[in-house]
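The values are calculated or read from the model by the stated rules, or taken from the named source; none is laboratory data. Remember, predicted model here, so these are calculated numbers, not experimental data. Please note: Cβ atoms are built from the backbone with ideal geometry, for glycine as well, and neighbour counts cover all protein chains shown.
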Amino acid sequence: MTDISDRVRIESVKTLSDNHYILKKVSFAWRHTNGAWYNTAREVYDRGDGCAILLYDPVRRTVILTRQFRMPLYLHGHRDLFTETAAGLLDDADPEARIKSEAEEETGYTPKNVRKVMACYTSPGAVTEKIHLFVGEVDAASKSGRGGGLADEGEDIEVLELPFAEAVARMQDGRICDAKTIMLLQYAQLHIFAK
């Protein structure tokens, strides 16, 4: 990895909002490849880093997903509950420990053989969040609770078990349109359910 710090001059940082997460306006100069400096400003949204997990039953060839209301998507015209993998913010915790806890809270399943498959930035032009993506096995015996999220956080999450082929069909026709879920389903196509 190359350090590009000599090509960036931060002129000012102004906090626009810190109501729930932090939104800042950053004015800066960027030195282009040709040596010319370009002055601009960007809004940067910092909501912390996150984690997500695709829970799958290798014997029954199913996946466990969640469905919940997402206000930003509603404002963008999405009029259905949003289907996605169990996910959450790290809140300074270890990603693997946090995702195991999040999976139990949201789905009621205690995953086994959890492994990290990748980490990525989903919207690097505006959001600082790096998301750690995991897969983990479940079966009927690993159902430890009802799921649904935490009531004191206002969560109202449906748990959805789908045959893997149905989840892929929903991804292909656009009913599943969440980036982290798509990446994890594609990972499962290549590495888990390839046979």
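Summed over the range 24-47, residues that are modelled with pLDDT of 95 or more and more than 15 Å from Ser12 (Cβ to Cβ) total 10. Scanning the range 126-144 for residues that are over 13 Å from Ile64 (Cβ atoms), surrounded by fewer than 14 Cβ atoms within 10 Å (Cβ to Cβ) and in contact with a helix residue (DSSP H, G or I) (Cβ under 8 Å, 6 or more places away or on another chain) returns no hits.
For the criterion of being assigned by TED's automatic domain parsing to the domain that holds Asp57, within 18 Å of the chain's Cα centre (by Cα) and under 21 Å from Asp80 (Cβ atoms), Lys180 passes. Against the conditions (1) within 13 Å of the chain's Cα centre (by Cα); (2) within 19 Å of Ala167 (Cα to Cα), Thr128 satisfies every one except (2).
Being assigned to a loop (DSSP other than H, G, I, E, B), loosely packed, with under 14 Cβ neighbours inside 10 Å and at pLDDT 95 or above is the filter here, so list the residues in the range 155-178 that pass it.
Hits for the range 155-178 are Asp173, Gly174, Arg175.
Where strands (runs of 3 or more DSSP E) sit wholly within the range 1-92, those with at least 1 residues that are out of contact with any Pro (no Cβ under 8 Å at 6 or more places or on another chain) and aromatic (Phe, Trp, Tyr) occupy 22-31, 37-46, 50-57, 82-84.
Report whether or not Arg79 is free of Cβ contacts under 8 Å to residues at least 24 places away in the same chain, basic (Lys, Arg) and more than 30 Å from Leu190 (Cβ to Cβ). Here the answer is yes, as Arg79 does meet what is asked.
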